[in-house]
Amino acid sequence: MDDLVKEVIPLLQYLIPGFLTAWIFYSFTAFKRPDTFGQIVQALIFTFIIQLLVGLIEALALWLGKHVYAIGMWTPTTKSLWSGVVALALGGLSCYFACNDRLHSWLRDKGITKKTSHPTEWYSAFTGFQRFVVLHLVDERRLYGWPLHWPTEPKEGQFVIQDPSWLDEKGAEIPMAAEIFTIDASRVQWVEFTEKNW
């Protein structure tokens, strides 16, 4: 039993930074968590990247210690600390690029991809066209307002509409007394993005 524990602990220390990065990514982006196998694969990919970066940091630190100035020894504790720092930074950086579409935009400009960094085209439309919307409901009513929050998927979750109003047959606004209105996404047939924005 003791031998098994001695083998498992170093393996966990090796893998935990990758799992930490994956947890950060799925906690702070609109992407759905994959199944357990997919999460393990993602964590292993992040672990590989983290270990590669920590190896580069170690080589640089040892070179600086030998040729410039030595601060201390490179120990397993130092490696663990750097793994945690790199895991946090990689998680934050991956969230940054997944949420703002800058990397995918650059790749689209180069003709490498046609995809966005957003999880769905639905989500991409809301982040790319920040403007007032008209929600066409299944009962043929129309709700107009500013989408404060919207669901990641078209059929799950709720819309949170700020400054809501109903639209009559001619498109005239009938203001509501509410400042915020929440409606289930399953009640919405389609969404119309108006020209009006802030």
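The values are calculated or read from the model by the stated rules, or taken from the named source; none is laboratory data. Please read these numbers as outputs of a predicted model, since none were measured by experiment. For neighbour counting, all protein chains shown are included, and Cβ atoms are generated from backbone atoms with ideal geometry for every residue, glycine included.
For residues in segment 129-144 being within 15 Å of GLU195 (Cβ to Cβ) and outside any loop (DSSP other than H, G, I, E, B), which is farthest from the chain's Cα centre (by Cα)?
For segment 129-144, the residue satisfying everything is TYR144.
Take the residues in segment 105-128 that are among the aliphatic types (A, V, I, L, M) and more than 18 Å from GLU195 (Cα to Cα); name whichever of them is nearest to the chain's Cα centre (by Cα).
LEU107
For PHE28, indicate whether it is closer than 22 Å to SER117 by Cβ and surrounded by 16 or more Cβ atoms within 10 Å (Cβ to Cβ).
No, not satisfied.
Quick check: is even one residue across segment 167-190 surrounded by 16 or more Cβ atoms within 10 Å (Cβ to Cβ) and on the phi > 0 side of the Ramachandran plot?
Looking through segment 167-190, none of the residues is surrounded by 16 or more Cβ atoms within 10 Å (Cβ to Cβ) and on the phi > 0 side of the Ramachandran plot.
Given the condition at pLDDT 90 or above, buried (at least 16 other Cβ atoms within 10 Å of the Cβ), assigned to a strand (DSSP E or B) and in contact with an Asp or Glu (Cβ under 9 Å, 6 or more places away or on another chain), answer yes or no: does some residue in segment 81-88 qualify?
no
Quick test of your reading of the structure: THR75 fulfils all but one of (1) at pLDDT 85 or above; (2) surrounded by 10 or more Cβ atoms within 10 Å (Cβ to Cβ). Name the failing condition by number.
(2)
Only one of LEU15, LEU56, LEU52, LEU60 is part of a helix (DSSP H, G or I), surrounded by 12 or more Cβ atoms within 10 Å (Cβ to Cβ) and among the aliphatic types (A, V, I, L, M); which?
LEU15
For ALA125, all conditions in the list (1) in contact (Cβ under 8 Å) with a residue 60 or more places away in the chain; (2) within 24 Å of PHE28 (Cα to Cα); (3) buried (at least 16 other Cβ atoms within 10 Å of the Cβ) hold save one; what is the number of the exception?
So ALA125 meets the others, but not (3).
Every residue, every condition in (1) modelled with pLDDT of 90 or more; (2) within 19 Å of TRP82 (Cβ to Cβ), yes or no:
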{"residue": "PHE25", "(1), (2)": "yes, no"}
{"residue": "LYS32", "(1), (2)": "no, no"}
{"residue": "PHE46", "(1), (2)": "yes, yes"}
{"residue": "VAL54", "(1), (2)": "yes, yes"}
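Identify all residues within segment 151-167 that are over 10 Å from VAL188 (Cβ atoms) and either β-branched (Val, Ile, Thr) or modelled with pLDDT under 90 (or both); write none if there are none.
Passing the criteria: THR152, GLU153, GLU156, GLY157, VAL160, ILE161.
Taking the stated definitions as given, is GLU169 free of Cβ contacts under 8 Å to residues at least 24 places away in the same chain, assigned to a loop (DSSP other than H, G, I, E, B), acidic (Asp, Glu) and not assigned by TED's automatic domain parsing to the domain that holds TYR26?
In short, yes.
Looking at (1) in contact with a Lys or Arg (Cβ under 8 Å, 6 or more places away or on another chain); (2) farther than 30 Å from ILE16 by Cβ; (3) assigned by TED's automatic domain parsing to the domain that holds ALA43, which one does HIS104 not meet, given that it meets all the others?
(2)
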